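Working notes, structure below.
The values are calculated or read from the model by the stated rules, or taken from the named source; none is laboratory data. Predicted model only: the values in this text are computed from it and were never measured. With ideal geometry, Cβ positions are generated from the backbone for all residues, glycine too; neighbour counts draw on all protein chains shown.
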Amino acid sequence: MSGTLNKVMLIGHTGDDVKMIHFEGGNCIGRFPLATNEVYTNKTSGEKVTNTEWHNIVVRNKAAEICERYLKKGDKVYIEGRLKTRKWTDDQGNERYSTEIQCTDFTFLTPKSESENYNQKTSPQPETSTESKPTQAQPQQGQDEKQDEDDLPF
């Protein structure tokens, strides 16, 4: 073991649809923003405060195509990956940096029926107590595709 670890696990809502970039040779990448929220109560005012952190997610090849097909703006998703900082020079010659999450594994957490209702711009149907909704719209994609629901990280 090298003694270092670069691992990120996030659960959040997508801020936009997946934007795809296709390359010669059939490879592609998908990019989308992911929002995570922190909610706490201000001790002095007693007011609830919500802080939103935005993350740039990058998915590659077949996983990117799956995300493009099934993930829509507002969907809840579990992302696992590693941090990657890119450096480039902008039009004015300034060095710029951006930190991204290179996604290695993901699980869709928004039930398919909710996602379809949101995308059709209709209000979600009320849940009935006799019907249980699925917690996963699509099986996981990544290194361990046979992972059971019991192995979820939460």
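Below is a table of values for the structure above.
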item	result
Pair list, Cβ under 8 Å, 6 or more apart: the range 91-102 residue closer than 25 Å to Gly81 by Cβ, other residue of a type in the set (Val, Ile, Thr) and surrounded by 10 or more Cβ atoms within 10 Å (Cβ to Cβ)	Glu100/Ile57; Glu100/Val58; Ile101/Val8; Ile101/Ile57; Ile101/Val58; Ile101/Ile79; Gln102/Val58
Test result for Gly30, closer than 24 Å to Pro111 by Cα, free of Cβ contacts under 8 Å to residues at least 60 places away in the same chain, surrounded by 10 or more Cβ atoms within 10 Å (Cβ to Cβ) and not hydroxyl-bearing (Ser, Thr, Tyr)	yes
Top-ranked residue in the range 82-109 [being surrounded by 10 or more Cβ atoms within 10 Å (Cβ to Cβ) and over 16 Å from Thr14 (Cα atoms); ranked as farthest from the chain's Cα centre (by Cα)]	Arg96
Criterion: at pLDDT below 95 and touching a strand residue (DSSP E or B) at 6+ places or on another chain (Cβ under 9 Å) - qualifying residue of Arg86, Arg31	Arg86
Enumeration of residues in the range 1-55 that are part of a strand (DSSP E or B), closer than 16 Å to Arg82 by Cα and charged (D, E, K, R)	Arg31
Positions within the range 7-40 being farther than 13 Å from Cys103 by Cβ and of a type in the set (S, T, N, Q), in sequence order	Asn27, Thr36, Asn37
Qualifying residue in the range 35-57 (condition: under 21 Å from Val8 (Cβ atoms), among the small types (Gly, Ala, Ser), at pLDDT 95 or above and surrounded by fewer than 18 Cβ atoms within 10 Å (Cβ to Cβ))	yes
